[in-house]
Structures are given as structure tokens and as C-alpha cells.
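Below you'll find the structure I mean.
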Amino acid sequence: MLLRYRSHPLALRHAFGIASNTRTSTPAMLLEVEHAGVTGYGEASMPPYLGETPETAAAFFARAEPLLARTEDPFQLEEILPAIDALAPGNSAAKAALDIALHDWVGKKLGAPWFRLWGLNPAKTPVTSYTIGIDTPEVVRAKTREAAPYKILKVKLGRDAATDRQLVTTIREVTDVPLTVDANQGWADRAEALRLIEWLAPQNVLFIEQPMPKAALDDTAWLRERSPLPLIADESLQRIGDVPRLRGVFDGINIKLMKSTGLREAHRCIVLARALGLKVMLGCMTETSCAISAAAQLSPLVDWADLDGALLIKDDPFDGACILDGKVTLPDRPGIGAVPR
Ligand code: MG
């Protein structure tokens, strides 16, 4: 099996502000595996605060190359993916790129999309939220108007209480669609977090994502007992091993391929979360339609989707799953369903 990869920075359509920073592009790597005349596509998206870079991804791919070169049967994902995972700790996005490309190859070789191989109903894809980053009231107003086709808006909060309230008030001047809130660990004080959630609850807010720092599980459990809105873990969840300890702390988890090292572990996280009685959200980084289409294959299994990553970038190099009337829509193509434009 041959491996090809290249750096492909993703230019963002708008500067993207979250609790800790603002950025205008996201480093990413595009990757291809080729074997027996079939090419599978994968992608690693690496927001800088998560610690991976195009250099670390290239170094990881170089380590995986000999393993793939001696792979005679790429269908044996249960052999190949754990071997890739064991090459080095971390490198979740680089591992995801390989996992996505291998799943794409297998699906193409079988002539079936992954939603079909998993037995899922493509009519049961969820609506996706569309993210409004932290910005000035004028920009937030413009972005909210631009987001009119979407049925749920996701609001990034967590800089400070005054900015948080102003942002929600500004959006509510423009639209009454349901909101989800992502504090990105920005609320350090649990009593203040509770006051803010109580202020948000009557304003048609569905849930709060990662209100407190990722390691503050005791404070988050305290908050959950009192919160009128469900709490969803994002930064507190990285790999599948984190899921059991989140029961009783959060009401649900936000799974992203770039954290879970790809589709295989993401699918297992969903199964495990269901067994533990947790709600499931499927999220993304800013990504092309390659990784978004891969995630979309799992979307009929989840309660909420936040798969707007490809809508936030300029010049998407892939055509794949799209958002029609606010709903994730799966193309009837084999593999992950994405093709280069
Ligand atoms: Mg989040």
C-alpha cells in the first residue's frame, strides 16, 4: 500500500474566535493511500492549541509508511489500526487521517458507503448546528443573518460574563432558532457558571458544551446536579478510555474524529456512550469535506451534529456530504463519500 501526503493549510472564511484565541487558518494535511488501483482519501486537521503540526504529522506518517508498505490485506483494519496507534502516543489527528483513508479504501473496494456497511439509515441524519465565533456585535449580527439556513446555531462563549451575555443578546436580536453553547472550558467559577446557565436556559438553549476546565470533573459534577440544561463533554473527552469516568459528570459527549483517531474508535465511543446512558454529539474541527464526509457516515447514530467545519473554510478541495436545509446529507458514493473537486 502506497502513502502520499501534503500540507494543506485551511484558510477560514471568517476569523474564528473561541474562549482562548482567535485564528484565520487551520494547519491540515491531506493524505492518500493507494493499493490495487483504488485510492482512499484522509485528512488531519490540527488547530494549533492541540499540539500537533504538519511536521509532527509528516513524521508520524513516515513511521507508518513501512507498516503500510508490508500490508497485503488492507481489509484487516483490526490488525492495521491498532498497529498504527501503537507506533507513538498522541498524534490523534495524524492517526485519524490514516484511519479515514483506510476506511475510504475499504468502502470503495467493496463498492459501499460506510453508513451502509454499518447498517445505518441515511434518512436519519441529524440537523447540524452552525458555529458563530466570539466577535464584535456588528460581526455577530452579520454572521447570524448569514446563518439563516441553519436550524441550530452554536455560540462560542467563555471569554467573560459580560461578553457572553452581549453575544447571546446580539444573536437573539436577529433570530429565535435554538442555540447550543460552547464555553470551551472558559467558566472557571462554578457558581458563576450556574448563574450564566440559569440566564441562558429560558432563551431556547439546548445544551452547554464543556463549561469548565477539562480536569475540573468535581466542579462539573456539582454544576450538572444544579444545571437546568444538559452538559456535554468536549475537551474532557479525548480517547475512548475517557468515556466511563464522564458518566455522572456530564450528560453526554462530543466525539470528533481528530480526537478519537478516526472512524473506528468514534464508532466504539458511540456504542460505549449509549451503553452508559450518555447522549452523543458528533463534532469536528475546521476540516475539508473529506473528514466531514467521513464523520457524516456515523451521523445517523447521534443525537446532535456539529459538522459545519467545511462550511467555515474557503476553497474546499473535496465534494462530499453537504448540508441541505440545515440537515446533514449523505452522498450515495462508496467509502467516506468524498471526492476531490
Ligand atoms: Mg467544543
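From (1) of a type outside the set (Lys, Arg); (2) away from the ligand (no atom under 16 Å from the Cβ); (3) touching a residue at least 24 places away in the same chain (Cβ under 8 Å), pick out the condition that doesn't hold for ALA275.
(3)
So that you can scan it fast, the table gives a plain yes or no per residue for (1) touching a residue at least 60 places away in the same chain (Cβ under 8 Å); (2) surrounded by fewer than 22 Cβ atoms within 10 Å (Cβ to Cβ); (3) within 16 Å of the ligand (Cβ to nearest atom):
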residue: LEU120; (1), (2), (3): yes, yes, no
residue: THR131; (1), (2), (3): yes, no, yes
residue: ARG145; (1), (2), (3): no, yes, no
residue: VAL168; (1), (2), (3): no, yes, no
residue: ALA188; (1), (2), (3): no, yes, no
residue: GLU198; (1), (2), (3): no, yes, no
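Let me ask something else. Can we say VAL302 is within 16 Å of the ligand (Cβ to nearest atom) and either under 26 Å from GLU78 (Cβ atoms) or surrounded by 22 or more Cβ atoms within 10 Å (Cβ to Cβ) (or both)?
Details: within 16 Å of the ligand (Cβ to nearest atom): yes; either under 26 Å from GLU78 (Cβ atoms) or surrounded by 22 or more Cβ atoms within 10 Å (Cβ to Cβ) (or both): yes.
Answer is yes for this residue.
So VAL140 fits all but one of (1) in contact with a helix residue (DSSP H, G or I) (Cβ under 9 Å, 6 or more places away or on another chain); (2) closer than 17 Å to ILE208 by Cα; (3) buried (at least 16 other Cβ atoms within 10 Å of the Cβ); what number is the exception?
Among (1) in contact with a helix residue (DSSP H, G or I) (Cβ under 9 Å, 6 or more places away or on another chain); (2) closer than 17 Å to ILE208 by Cα; (3) buried (at least 16 other Cβ atoms within 10 Å of the Cβ), the lone unmet condition for VAL140 is (2).
Something else: May I ask you to list the residues in region 262-286 that are touching an Asp or Glu at 6+ places or on another chain (Cβ under 6 Å) and part of a loop (DSSP other than H, G, I, E, B)?
If the condition is that a residue be touching an Asp or Glu at 6+ places or on another chain (Cβ under 6 Å) and part of a loop (DSSP other than H, G, I, E, B), then GLY262, GLY283 are the ones that fit.
Yes or no: region 20-27 includes at least one residue that is buried (at least 16 other Cβ atoms within 10 Å of the Cβ), modelled with pLDDT of 90 or more and outside any loop (DSSP other than H, G, I, E, B).
Checked region 20-27: at least one residue is buried (at least 16 other Cβ atoms within 10 Å of the Cβ), modelled with pLDDT of 90 or more and outside any loop (DSSP other than H, G, I, E, B).
Please pick out the residue among SER260, SER236 that is within 12 Å of the ligand (Cβ to nearest atom), polar (S, T, N, Q) and under 18 Å from the mean Cα position of the chain (by Cα). Can you show your working first?
Values: SER260 fails: within 12 Å of the ligand (Cβ to nearest atom).
From the options SER260, SER236, the qualifying one is SER236.
Separate question: Could you please find all residues in region 207-219 being at negative phi and within 14 Å of the ligand (Cβ to nearest atom)? Show your work before the answer.
Taking region 207-219 and keeping what is at negative phi, we get 207-209, 211-219.
PHE207, ILE208, GLU209, PRO211, MET212, PRO213, LYS214 - these are the residues of region 207-219 that are at negative phi and within 14 Å of the ligand (Cβ to nearest atom).
GLN203 fails exactly one of the following numbered conditions: (1) under 18 Å from THR169 (Cβ atoms); (2) crowded, with 17+ Cβ neighbours inside 10 Å; (3) polar (S, T, N, Q). What is the number of that condition?
It is condition (2) that GLN203 fails.
Which numbered condition trips up GLY241, out of (1) in contact (Cβ under 8 Å) with a residue 12 or more places away in the chain; (2) over 15 Å from the mean Cα position of the chain (by Cα)?
Of (1) in contact (Cβ under 8 Å) with a residue 12 or more places away in the chain; (2) over 15 Å from the mean Cα position of the chain (by Cα), only one is false for GLY241: (1).
Same structure again: Is there any pair linking a residue in region 68-95 that is within 21 Å of ALA294 (Cα to Cα) to one that is in a helix (DSSP H, G or I) and β-branched (Val, Ile, Thr), with Cβ under 8 Å and at least six apart or on different chains, and which?
Pairs found: LEU68/ILE80; PRO74/ILE80; PRO74/VAL106; PHE75/VAL106; LEU77/VAL106; ASN91/THR56; ALA94/THR56; LYS95/ILE84.
Condition test on LEU194, is it away from the ligand (no atom under 15 Å from the Cβ), under 22 Å from the mean Cα position of the chain (by Cα) and surrounded by fewer than 22 Cβ atoms within 10 Å (Cβ to Cβ)?
Working: away from the ligand (no atom under 15 Å from the Cβ): yes; under 22 Å from the mean Cα position of the chain (by Cα): no; surrounded by fewer than 22 Cβ atoms within 10 Å (Cβ to Cβ): yes.
For LEU194, the condition - away from the ligand (no atom under 15 Å from the Cβ), under 22 Å from the mean Cα position of the chain (by Cα) and surrounded by fewer than 22 Cβ atoms within 10 Å (Cβ to Cβ) - is not met.
The values are calculated or read from the model by the stated rules, or taken from the named source; none is laboratory data. In this text, all values refer to a predicted model and were calculated from it rather than measured experimentally. Every residue, glycine as well, gets a Cβ built from its backbone with ideal geometry; the counts of neighbours run over all protein chains shown.
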